[in-house]
Amino acid sequence: MEIAIFKDSQRASLAAAHLLARSIATKNGKAVLGLATGQTPLQTYTELVKLATVGKLSFRDVTTFNLDEYVGLPESNPSSYRSYMRTKFFSQIDIDPSKCHLLNGMAPDSVEECRIYEQKIARVGGIDVQLLGLGLDAHIGFNEPSSSLASRTRLKTLSSSTRATNASYFPSRDAVPHHVLTMGLATVMEARHCVLLAFGIGKSDAVLKMIEGPLGASVPASILQMHPKCTIILDEEAATKLTRKNYYREV
Ligand code: PGA
């Protein structure tokens with residue numbers, strides 16, 4: 001794991017945006033990106049939009065796959081991740097909407113939807129860079145603690161703590177769906193480069209367990225310890241509890 005600690009989330013997000021921009025350039029514009037939602041990647045998307053707006057970056061040939069989506073929310077629902085991606089990112093860059101893939105939480109057959117999603121990822125040759133956030137319980141995607149470390153894209157039930165955390169995006173706590181579709185941990189691990197962002201003191205326990213704790217299904221993000229190319233981008237607050245912070249800085 002490469003662990004990069006920045007003074008604040010603004011600088012960290014700038015670094016993440018430049019890392020993604022470099023990956024797109026390396027692939028001559030034809031990169032396949034895995035994308036995340038939530039609060040954490042917003043500044044990174046803003047920085048990418050800035051680069052695209054001044055003509056330093058084009059998404060014309062980029063393909064994207066999002067990590068997860070709520071079951072039962074149509075795109076017209078502002079709390080859906082499809083709506084989030086459109087408003088916060090896709091509508092502001094020159095990406096081809098037909099190359100932006102999200103799981104369909106309205107699909108009548110979720111098993112088939114997840115199978116086809118994995119097939120689509122395989123057909124484009126896999127994901128070059130997978131952007132990840134980190135849940136307070138150390139989930140990645142919506143792989144809650146106890147998720148199989150070998151899991152593939154599938155239907156999951158959210159924990160009540162994740163539903164409570166995400167309630168701020170909904171009119172009420174009861175409105176947060178119980179079910180989601182999410183890439184599995186093994187699906188995420190197949191990306192050639194994983195880039196996880198975590199900001200704020202609230203994430204410091206999950207960061208500590210992910211990086212320095214034992215690997216196990218109780219800490220889904222700890223599977224990243226097994227990834228051959230994983231970059232963890234933190235701000236100072238999220239890194240507070242790490243015991244080998246000086247070594248990470250030396251590296
Ligand atoms: P957040 O969510 O970026 O809104 O903190 C992260 C996650 O739950 O994966």
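Each value in this text was obtained by applying a stated rule to the coordinates, not by laboratory testing. What you see is a predicted model; the values in this text were computed from it and never measured. Note that each Cβ is placed from the backbone with ideal geometry, even for glycine, and that neighbours are counted across all protein chains shown.
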Estimate the FRET efficiency between Thr87 and Glu212 by the formula 1/(1 + (r/R0)^6), using the beta-carbon distance for r and 30 Å for R0, to the nearest 0.05.
0.25
What shape does segment 81-138 take by its C-alpha gyration tensor, where a ≥ b ≥ c are the square roots of the eigenvalues and a/c under 1.5 counts as rounded, a/b above b/c as prolate, and the rest as oblate?
rounded
Taking a ≥ b ≥ c as the square roots of the eigenvalues of the Cα gyration tensor of the chain, is the shape rounded (a/c under 1.5), prolate (a/b larger than b/c) or oblate?
rounded
Hey, what do the phi angles of segment 194-205 turn into as Karplus ³J(HN,Hα) couplings, whole Hz, using 6.51/-1.76/1.60 and θ = phi - 60°, x for Gly and Pro?
9, 10, 9, 10, 8, 10, x, 4, x, 8, 5, 5
So how far apart, in nm, are the two label points at Arg173 and Ala25 if each is 7 Å from Cα heading toward Cβ?
4.8
Sparse-neighbour loop sites [trypsin sites (Lys or Arg not before Pro); segment 32-130; at most 15 other C-beta within 10 Å; DSSP]
Lys56, Arg60
How charged is the neighbourhood of Val124? Take every other residue with its Cβ under 15 Å from the Cβ of Val124, and add Lys/Arg as +1 and Asp/Glu as -1.
+1
List the trypsin sites (Lys or Arg not before Pro) within segment 178-239 that fall in a DSSP loop (any state other than H, G, I, E or B) and whose Cβ has at most 16 other Cβ atoms within 10 Å.
Arg192, Lys229
log₁₀ of I(q)/I(0) at q = 0.14, 0.16 Å⁻¹ - segment 183-251, Debye sum with one point per alpha carbon:
-0.41, -0.54
Given R₀ = 25 Å, FRET efficiency for Leu149-Leu42 by Cβ-Cβ distance, to 0.05?
0.30
What value in Å³ per residue do you get for the convex hull of the alpha-carbon atoms in segment 1-150?
134
Would you list, by chain and number, the lysines whose Cα falls below 16 Å from the Cα of Lys7, excluding same-chain residues fewer than 8 positions away?
Lys203, Lys241, Lys245
In Hz, Karplus ³J(HN,Hα) per residue of segment 79-87 (6.51, -1.76, 1.60; θ = phi - 60°; x = Gly, Pro)
8, 6, 6, 4, 5, 3, 5, 5, 6
Run the numbers for Arg244 and Lys229: contour at 0.36 nm per residue of separation, minus the present Cα-Cα distance, in nm.
3.5 nm
Rounded to the nearest 500 deg cm²/dmol, what is the calculated helix-only ellipticity per residue at 222 nm for the chain, with -39500 (n - 2.57) per DSSP H run of length n ≥ 4?
-9500 deg cm²/dmol
Local electrostatic count at Ile93 - Lys and Arg +1, Asp and Glu -1, tallied over other residues with Cβ under 14 Å
+2
Total charge of the residues flanking Cys194 in space, meaning their Cβ is under 13 Å from its Cβ, with Lys and Arg +1 and Asp and Glu -1, is -1
Dipole moment magnitude, nearest 20 debye, the chain about Cα centre, only Lys, Arg, Asp, Glu C-beta charged
460
Everything considered on the Cα gyration tensor (a ≥ b ≥ c; rounded for a/c under 1.5, else prolate if a/b is larger than b/c, else oblate), segment 108-215 must be described as oblate
